[in-house]
Amino acid sequence: IEVESELESGKYKVKMKPGESDLEIYYTLDGSEVSENSEKYADPFEISSSCKITSQAYKNGELYGKPEAIEIMTHLAVGKKVDYINKFNRHYPAGGETALVDGFIGNPGNHRDKRWQAWAAEDMDLIIDLGEETEISSISMNFLSRVISWIHLPKSVSWYISDDGKKFTKLGEEKFQGNAPENESFVHKFSLKTKTKGRYLKVVAESIKVNPKGHVAPGEDAWIFCDEIVVE
């Protein structure tokens with residue numbers, strides 16, 4: 001599945017390419033299991049709302065290969081300008097300066113899928129310019145944990161709002177409560193329900209900075225990985 005984002009229009013163009021010429025592809029847009037009763041892919045198409053695209057190839061009426069899936073979220077921050085106070089690490093840039101507002105959700109089992117953006121040994125600190133005063137009811141963002149790979153959840157995530165991009169008011173904070181598994185990929189959604197309005201949204205995720213005692217590499221750089229800042 002290939003998805004091209006048209007950030008200015010808020011639309012996405014979806015293409016599906018079979019691995020072989022004699023394959024047929026069927027798909028769903030609600031994340032449900034695909035069957036031959038699902039929609040059959042013929043030509044590229046556009047979507048303009050949140051969905052989970054799941055596709056499955058068939059050959060001579062039989063399942064062929066494994067299903068593929070891509071999740072897309074449309075929200076108020078898609079395509080908006082992001083000012084990075086702490087720049088993301090060059091080894092995990094994802095889609096660059098639009099990666100956290102492009103609508104694409106990262107694969108929870110693959111931190112190398114070019115959807116996750118990362119910081120090493122420093123906080124994630126950035127400001128999103130929504131372009132105009134905007135009413136906001138919720139903010140959420142996924143963070144990945146894979147402790148064995150030095151990827152840890154942030155200590156906390158805080159959100160701030162501003163009208164001028166200089167003076168910010170804190171909206172809220174969430175601290176992770178619990179323990180992430182050591183040898184498995186794990187995703188936690190940090191979120192805030194609110195009722196506010198403003199133009200500039202500041203997000204700070206506090207990193208633990210270094211691997212803790214008891215880790216296979218204590219004292220080495222700890223990473224934080226984020227895939228999308230969803231503003232609704």
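Can you tell me how many residues within the stretch 102-138 are open to solvent by 40 Å² or more (accessible area, probe 1.4 Å), modelled with pLDDT under 95 and farther than 20 Å from Gly10 by Cα?
6
For the stretch 71-93, name all the residues that are of a type in the set (D, E, K, R) and either touching a Gly at 6+ places or on another chain (Cβ under 7 Å) or surrounded by fewer than 17 Cβ atoms within 10 Å (Cβ to Cβ) (or both).
Lys80, Lys81, Asp83, Lys87, Arg90
Here is a list: Ala99, Ala69. Which entry is assigned to a helix (DSSP H, G or I), at pLDDT 90 or above and of a type in the set (A, V, I, L, M)?
Being assigned to a helix (DSSP H, G or I), at pLDDT 90 or above and of a type in the set (A, V, I, L, M) holds for just one of Ala99, Ala69, which is Ala99.
Looking at (1) touching a residue at least 12 places away in the same chain (Cβ under 8 Å); (2) open to solvent by 80 Å² or more (accessible area, probe 1.4 Å); (3) not hydroxyl-bearing (Ser, Thr, Tyr), which is the one condition that is false for Met16?
Unmet condition: (2).
Given Lys80, Lys40, which one is among the charged types (D, E, K, R) and touching a helix residue (DSSP H, G or I) at 6+ places or on another chain (Cβ under 7 Å)?
Lys80
Looking at Glu97, Glu68, Glu62, which one is more than 30 Å from Glu39 (Cα to Cα), surrounded by fewer than 18 Cβ atoms within 10 Å (Cβ to Cβ) and among the acidic types (Asp, Glu)?
After ruling out the rest, the residue left standing is Glu97.
Out of all the residues in the stretch 139-150, which are open to solvent by 40 Å² or more (accessible area, probe 1.4 Å) and touching a Cys at 6+ places or on another chain (Cβ under 9 Å)?
none
Can you find, within the stretch 194-228, the residue that is nearest to the chain's Cα centre (by Cα) among those that are of a type in the set (A, V, I, L, M, F, W, C), closer than 17 Å to Lys155 by Cα and not in a loop (DSSP other than H, G, I, E, B)?
Within the stretch 194-228, the match that is nearest to the chain's Cα centre (by Cα) is Cys226.
Is it true that some residue in the stretch 51-62 is within 30 Å of Thr134 (Cβ to Cβ) and touching a Phe, Trp or Tyr at 6+ places or on another chain (Cβ under 7 Å)?
yes
Give the stretch 189-228 a look and list any residue that's of a type in the set (A, V, I, L, M) and closer than 14 Å to Asn142 by Cα, or say none.
Leu192, Val203, Val204, Ala205, Ile224
Go over the candidates Val203, Val216 one by one and state the one that is on the phi < 0 side of the Ramachandran plot and either without any contact (Cβ under 8 Å) to a residue 40 or more places away in the chain or open to solvent by less than 70 Å² (accessible area, probe 1.4 Å) (or both).
Val203 is the lone residue from the list that is on the phi < 0 side of the Ramachandran plot and either without any contact (Cβ under 8 Å) to a residue 40 or more places away in the chain or open to solvent by less than 70 Å² (accessible area, probe 1.4 Å) (or both).
Tell me which residues, restricted to the stretch 27-52, are farther than 15 Å from Thr74 by Cβ and in contact with an Asp or Glu (Cβ under 6 Å, 6 or more places away or on another chain).
Passing the criteria: only Tyr27.
Does any residue of the stretch 187-202 turn out to be farther than 21 Å from Val78 by Cβ and in contact with a Leu (Cβ under 6 Å, 6 or more places away or on another chain)?
The answer is yes, given that some residue of the stretch 187-202 is farther than 21 Å from Val78 by Cβ and in contact with a Leu (Cβ under 6 Å, 6 or more places away or on another chain).
Any residue in the stretch 68-96 that is touching a residue at least 12 places away in the same chain (Cβ under 8 Å) sitting within a Cβ distance under 6 Å of a residue that is among the hydroxyl-bearing types (Ser, Thr, Tyr) and surrounded by fewer than 14 Cβ atoms within 10 Å (Cβ to Cβ)? List the pairs, counting only those 6 or more apart or interchain.
Thr74/Ser49
The values are calculated or read from the model by the stated rules, or taken from the named source; none is laboratory data. Given the structure is predicted, the values throughout are model-derived calculations rather than measurements. Neighbour counts run over all protein chains shown; Cβ positions are idealised from the backbone, glycine included. When the accessible area is computed, the model is the full protein with side chains, heavy atoms only, and any ligands, DNA or RNA have been set aside. Shrake-Rupley method; radii C 1.70, N 1.55, O 1.52, S 1.80 Å.
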